[in-house]
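J.: My questions all concern the structure below.
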Amino acid sequence: MTAKPYVAKRPSQSRHVAVRGLRYHVNLWGNPTTVTRERPLLVWMHGWMDVGASLQFVVDAMRQDRAIAAPDWRGFGRTAVPPGTDSYWFADYPGDLDGLLDALSPSAPVDLAGHSMGGNVVMTYAGARPERIRRLVNMEGFGLPESRPEQAPDRLRQWLDELKTPQRLKPYASLADVAARLVKNNPRLSHDRALWLAAHWAERRDDGLWHILGDPAHKRVNPSLYHKDEILEGWKRIAAPTLWIEGDETDPDRWWGHRYPRSEFDARIALVRDVQRVRLAECGHMLHFDQPQALAAALEAFIDRD
């Protein structure tokens with residue numbers, strides 16, 4: 001890989017805020033003095049094994065400068081790993097998000113967007129704190145298949161076994177190797193963008209290798225079952241106008257087989273009282289890598305509408 005790293009048109013600034021005893025890292029774009037109730041802070045929450053900095057390509061594609069914050073979730077990017085952590089729990093994510101919004105926009109609602117895991121979190125949060133959200137955007141946060149009570153003992157057993165199994169993420173010999181891995185995962189990600197992202201997605205440590213900025217403990221299964229009906233009660237309470245965005249090449253069957261048919265998701269998202277749906281062409285799950293220009297246009301058209 002011989003390309004030079006991408007040059008950001010609108011570079012971000014780094015800030016750390018205290019949230020629930022953790023030192024949370026936040027990427028910031030734009031001028032915070034431009035924030036108004038009609039044009040609030042846009043907060044972007046990334047997905048599993050991603051970082052907030054990956055929003056850069058979408059920010060650069062936006063027509064206008066705006067105040068944007070993209071935190072790194074706990075145990076990802078440059079946010080601290082909670083001391084002694086051997087597992088991660090879903091409820092901690094909306095808990096952290098609540099603290100982040102108290103720090104970043106204490107007195108005004110925000111426009112809140114989430115991708116994949118982050119999309120699931122923002123939907124859950126918006127049902128519990130509807131007054132904190134002016135516009136809501138869910139990008140490919142499908143949720144999970146409904147669980148069954150009889151799955152509980154085996155799930156708990158799996159978690160107990162994984163607690164005894166060291167979790168690791170593969171290190172890389174060079175930043176170029178990290179970038180090559182990113183391109184392999186997302187072939188539409190150009191080499192220059194992959195090189196830029198690699199420096200935010202990994203860090204070089206004392207052993208001379210590049211290590212992914214994600215706590216390997218994230219790989220352990222969650223012993224708590226997914227209760228669809230409880231989640232959907234929250235979706236019903238979402239008050240903000242909501243935008244659902246997906247890629248036309250996303251295939252949920254690849255993740256869940258026939259346990260979660262597309263028709264079931266369509267029935268779930270229909271429970272949100274004010275939802276608009278957008279499908280991006282020539283685009284897979286990583287929307288912000290595959291089609292940053294199209295994603296930027298869809299975001300701006302939605303959050304800037306009257």
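J.: From the list LEU28, LEU22, LEU42, exactly one residue is hydrophobic (A, V, I, L, M, F, W, C), within 23 Å of GLY119 (Cα to Cα) and over 18 Å from the mean Cα position of the chain (by Cα). Which is it?
T.: The match here is LEU22.
J.: Tell me which of these THR250 doesn't satisfy, since it passes every other one: (1) under 18 Å from the mean Cα position of the chain (by Cα); (2) loosely packed, with under 13 Cβ neighbours inside 10 Å; (3) polar (S, T, N, Q).
T.: The one condition THR250 does not meet is (2).
J.: What strands (runs of 3 or more DSSP E) lie completely within the range 13-99 and have 2 or more residues being under 25 Å from LEU280 (Cα atoms)?
T.: 42-45, 68-71
J.: In the range 232-273, which residues are without any contact (Cβ under 8 Å) to a residue 40 or more places away in the chain and hydroxyl-bearing (Ser, Thr, Tyr)?
T.: Scanning the range 232-273 gives a single hit, SER263.
Yes/no per residue for (1) farther than 21 Å from HIS200 by Cβ; (2) modelled with pLDDT of 95 or more:
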{"site": "THR2", "(1), (2)": "no, no"}
{"site": "VAL7", "(1), (2)": "no, yes"}
{"site": "ARG15", "(1), (2)": "no, yes"}
{"site": "THR36", "(1), (2)": "yes, no"}
{"site": "GLY77", "(1), (2)": "no, yes"}
{"site": "PRO83", "(1), (2)": "yes, no"}
{"site": "PRO94", "(1), (2)": "yes, yes"}
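J.: Right, here's the next one. Suppose we filter LEU156, LEU112, LEU169, LEU160 for residues that are at pLDDT 95 or above, surrounded by fewer than 17 Cβ atoms within 10 Å (Cβ to Cβ) and not in a helix (DSSP H, G or I); which single one remains?
T.: LEU169
J.: On to the next question. Please verify whether ASP72 is touching a residue at least 40 places away in the same chain (Cβ under 8 Å), buried (at least 21 other Cβ atoms within 10 Å of the Cβ) and within 29 Å of ALA217 (Cβ to Cβ), treating the condition exactly as stated.
T.: yes
J.: Just give me the residues in the range 125-142 being assigned to a helix (DSSP H, G or I) and either at pLDDT below 95 or crowded, with 23+ Cβ neighbours inside 10 Å (or both), in sequence order.
T.: Residues satisfying the conditions are TYR125, ALA126.
J.: Follow-up question, since we're still on this one. Please list, ordered by first then second residue, the pairs with beta carbon atoms under 6 Å, 6 or more apart or interchain, first in the range 130-148 and more than 11 Å from PRO241 (Cα to Cα) and without any contact (Cβ under 8 Å) to a residue 12 or more places away in the chain, second surrounded by 22 or more Cβ atoms within 10 Å (Cβ to Cβ) and not acidic (Asp, Glu).
T.: Close Cβ pairs (under 6 Å, with a partner that is surrounded by 22 or more Cβ atoms within 10 Å (Cβ to Cβ) and not acidic (Asp, Glu)) do not exist here.
J.: Collect the residues in the range 264-297 that are assigned to a helix (DSSP H, G or I) and farther than 19 Å from LYS236 by Cβ, keeping them in residue-number order.
T.: Answer for the range 264-297, where residues must be assigned to a helix (DSSP H, G or I) and farther than 19 Å from LYS236 by Cβ: LEU287, HIS288, PHE289, ASP290, PRO292, GLN293, ALA294, LEU295, ALA296, ALA297.
J.: Within the bounds of the range 213-229, is there any residue that is among the polar types (S, T, N, Q) and surrounded by 13 or more Cβ atoms within 10 Å (Cβ to Cβ)?
T.: yes
J.: Additional query: Take the range 44-63 and flag every residue that is in contact with an Asp or Glu (Cβ under 7 Å, 6 or more places away or on another chain) and surrounded by fewer than 24 Cβ atoms within 10 Å (Cβ to Cβ).
T.: Residues satisfying the conditions are MET62, ARG63.
J.: Looking only at the range 68-99, which residues are among the acidic types (Asp, Glu) and under 17 Å from ASP215 (Cβ atoms)?
T.: ASP72, ASP86, ASP92, ASP96
J.: Moving to a separate point now. Could you please let me know if VAL121 is under 19 Å from the mean Cα position of the chain (by Cα), of a type in the set (A, V, I, L, M) and part of a helix (DSSP H, G or I)?
T.: yes
The values are calculated or read from the model by the stated rules, or taken from the named source; none is laboratory data. If you're wondering where the values come from, they're calculated on a predicted model, not measured in any experiment. Positions of Cβ are backbone-derived with ideal geometry, glycine not excepted, and every protein chain shown enters the neighbour counts.
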